[in-house]
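The values are calculated or read from the model by the stated rules, or taken from the named source; none is laboratory data. Bear in mind that the values here come from a model prediction, so they are computed numbers and not experimental data. Ideal geometry is used to build each Cβ from the backbone, glycine not excepted, and the neighbour counts take in all protein chains shown. All accessible areas refer to the heavy atoms of the entire protein, side chains included, with ligands and DNA or RNA removed. Shrake-Rupley method; radii C 1.70, N 1.55, O 1.52, S 1.80 Å.
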Amino acid sequence: SSTNYNAILQAYLDQINATSGLLYASRNSAQFDKTDVTLTNVTGLTHNVLAGATYQFEALLFIDADVTGGSKYAIAGTATATTVKYEITLLANATNLLTITSRQTALAGSAGQAGTTAGLAKIEGMITVANAGTLTVQFAQNAVNNTSSVLTGSFFNIIKVS
């Protein structure tokens with residue numbers, strides 16, 4: 001079927017990109033809403049990574065968050081890391097202040113805040129992959145209250161550096 005053909009073609013292209021050092025780039029085409037504190041993969045912001053390879057990554061997330069619910073971020077996935085380090089920052093549009101500045105050294109390490117209602121979250125770092133799998137951007141509320149969202153046009157880029 002065409003669905004199987006598309007999946008096979010995408011897996012082949014992923015393998016070419018992963019082994020050649022080309023850029024993986026993706027963006028979310030639909031708003032991603034959360035009403036709870038469970039970190040969840042943001043639809044469209046996941047990439048495959050290969051064992052033994054090192055990748056540099058960057059996610060930029062346009063967010064609207066409930067003032068009480070806030071927002072929380074992580075990089076996770078099915079891959080395992082030999083080493084990983086990433087910085088999570090959140091710039092509040094209203095004040096131009098950073099309301100999150102947090103270094104993480106484990107997959108699924110997260111940081112969150114409440115109070116920033118509109119902003120730009122940036123997650124950037126590097127991972128050396130022990131076991132192949134996926135690498136993904138995760139999002140949730142920091143405390144349960146109304147709805148917090150990752151807006152369309154947010155993106156996740158990965159470059160294989162070795």
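For this structure, a couple of remarks:
- In region 91-108, the residues that are farther than 11 Å from residue 73 by Cα and assigned to a loop (DSSP other than H, G, I, E, B) form Cβ pairs under 9 Å with partners that are open to solvent by 90 Å² or more (accessible area, probe 1.4 Å) and of a type outside the set (Gly, Ala, Ser), at six or more places apart or across chains, as follows: 105/85.
- Residue in region 59-67 that is assigned to a strand (DSSP E or B), at pLDDT 95 or above and closer than 18 Å to residue 107 by Cβ present: yes
- From the list 61, 23, 50, the lone residue that is buried (at least 22 other Cβ atoms within 10 Å of the Cβ) and either of a type in the set (A, V, I, L, M) or in contact with a helix residue (DSSP H, G or I) (Cβ under 7 Å, 6 or more places away or on another chain) (or both) is 61.
- Qualifying residue in region 110-132 (condition: open to solvent by 30 Å² or more (accessible area, probe 1.4 Å), hydroxyl-bearing (Ser, Thr, Tyr), assigned to a strand (DSSP E or B) and over 23 Å from residue 44 (Cβ atoms)): yes
- Residues that are aliphatic (A, V, I, L, M) and outside any loop (DSSP other than H, G, I, E, B) within region 133-162 comprise 135, 137, 140, 150, 158, 159, listed in sequence order.
- Of all residues in region 64-88, those that are within 15 Å of the chain's Cα centre (by Cα) and open to solvent by 30 Å² or more (accessible area, probe 1.4 Å) total 5.
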